[in-house]
Structure formats: C-alpha cells, structure tokens
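One structure below.
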Amino acid sequence: MSAQLRSIRVAAPAASIADRVAAVDWEVVTRNLDAQGSAMLERLLSPDECRTLAGLYSDEHLFRSRVVMARHGFGRGEYKYFSYPLPAMIADLRSTVYPHLAPLANRWKAAMRIDIRYPQAHADFLVRCHEAGQVRATPLLLQYGPDDYNSLHQDLYGEHVFPLQVAILLSEPGTDFTGGEFVLTEQRPRMQSRPEVVPLRVGDAVIFAVHHRPVQGSRGTYRVNLRHGVSRVRSGHRHTLGVIFHDAK
C-alpha cells in the first residue's frame, strides 16, 4: 500500500463515537481523499459493535424497505434501508463524521466549478434535503452470502447529494467470509478505468467519493467519475453498514 493510502487508526473502540471520530487525523484523511478518492479508518467500531449492528438485520421494525439485488439487476445479495429514528450509533456516525468532510466537499465543488456548498452541521444539510422532498433515511445494512456480489454503482437518491459516504465492514474476512472485497473504480477522461481494492477488516471504515471528484492535471482541474461495489463472496456471509449523508425521495 502506498504512503498516500496509509490507513488511519482511530481511538480505542471503548470511547464514544464522537470521541473516536474526533481522534481521527482528518488532515491525513483529507490528503488520501484528494489523492485517491478514498481513505480508510482502522477499527472505527469494535468487533462486538459490529456483531450487534449485523444482528439488527433480522429486526424488521428498524427498516423502511428491503431490496433483493437480483430483482433490479444490482448484483446478488440484499440490503435494507433503516427508517427514522436511526439507531443511536448510526445517527452519531452521521452527525459526527459529516462536519469533518463538509469543508472538503465544498472545496471539491469549487474546484469543479459547481455552485453548490454544504453547511457545516449535518442537521442543516438534512433540512435542505427534506425541503426538496428527500425525507427517507438512507443508511443501510447489506447482507451477502456465497456467490453474492454488488455491481459497480453510485448512491444517488435525489437532487441533493453529499459527495462523500462511508462503508463499515461488520464481518471478519477469512473467518466469517472469503472473497467479497470492497472495490472502487475511477474513470478519467480518455483513459481506462482505474480499480482500487480496499483491504477492510472487521470494524474498519472506508470514506469514499460518491460520484465525482476533482483531479489536478497538467492543464488544470478535471472531473473524474467513481463507482463502488463488492466482488463475489466465495464462502460465508458478509455484512456491511453504509452511512450516506443525504436522504432519499
């Protein structure tokens, strides 16, 4: 792994979510996001917290909808969107991570000459979403079994899209499942797509670009297009938490 992609280890998982997020070296995260479009946070959640979150999948009262990927051509496997109110840990992740990403999101939009800016507080951004009819919660749990996968895609749910999101692996590679790597691709103008496999372990998070990000070239700044997905699970079962900052129509 290159120095630019060096992962960031956060505070001990016994700390509160807010304390763990505050302890992250956000300058390094920002440099990684600028350089590669992704940044990894090691051990953001403890194994026990991951098991607890994965165990929520069977509690239908927590979710607003279930999506079977094969029915829509999204891949194989399934996922469920949480309904409001969100579980406390997920709500805390959303509200504490967002303020550290909003300045970068604003800088990216300015660099791409897109006249959109994001408020510093997540609650204020949600007001913008809800006023536009984007009122449905988007954090989700994903569940994969043998031969399941997630096709390359972008999580766009309406007019208002925050340009960064988070995925947290809730299962241990090599123990709970094999295969199932988190994959990013980046399409640059007049070039082949660049793939990136993020080596997550249980409790690790990856922050990544949702749609576009700016890249500095020899003739100025240009825009690249990103997609993400999950490679085929060869055995076992894999659970992931997705934390998306905009809401859906």
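The values are calculated or read from the model by the stated rules, or taken from the named source; none is laboratory data. Because the structure is predicted, anything quoted here is derived from the model rather than measured. Methodologically, a virtual Cβ is constructed for each residue, glycine included, from the backbone with ideal geometry; neighbour enumeration extends over all protein chains shown. Accessible surface areas use protein heavy atoms only, side chains included; no ligands, DNA or RNA. Shrake-Rupley method; radii C 1.70, N 1.55, O 1.52, S 1.80 Å.
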Study note, to complete from the structure: note: the chain, Cα-Cα separations exceeding 24 Å make up a percent value of 44
Point to revise | Estimated [θ] at 222 nm from DSSP helical runs (n ≥ 4, -39500 (n - 2.57)) normalised by residues in the chain, nearest 500 | key: -8000 deg cm²/dmol
Check your understanding: Which whole-number percent gives the relative contact order of the stretch 155-218, counting Cα pairs below 8 Å spaced six or more residues apart?
Key -> 45
**Study point:** Accessible solvent surface per residue of the stretch 95-221, calculated while the other protein chains remain in place, 1.4 angstrom probe, Å²
**Key:** 45
Point to revise | Debye, to nearest 20: dipole size of the chain, +1 on Lys, Arg Cβ, -1 on Asp, Glu Cβ | key: 920
Check your understanding: What part of the accessible area of the chain, given as a whole %, is carbon or sulfur when the probe is 1.4 angstrom?
Key -> 52
Exercise for review: Give, to the nearest whole percent, the P(r) tail of the stretch 49-144 beyond 19 angstrom, counting all Cα pairs.
Suggested key: 55
Practice item. Helix by helix through the chain, keep the DSSP H runs that span 27 Å or more along the axis on Cα and average at least 0.0 on Kyte-Doolittle, and give those back in order. Key: 88-111
Point to revise | Percentage relative contact order, the stretch 1-157, counting C-alpha pairs under 8 Å, at least six apart | key: 22
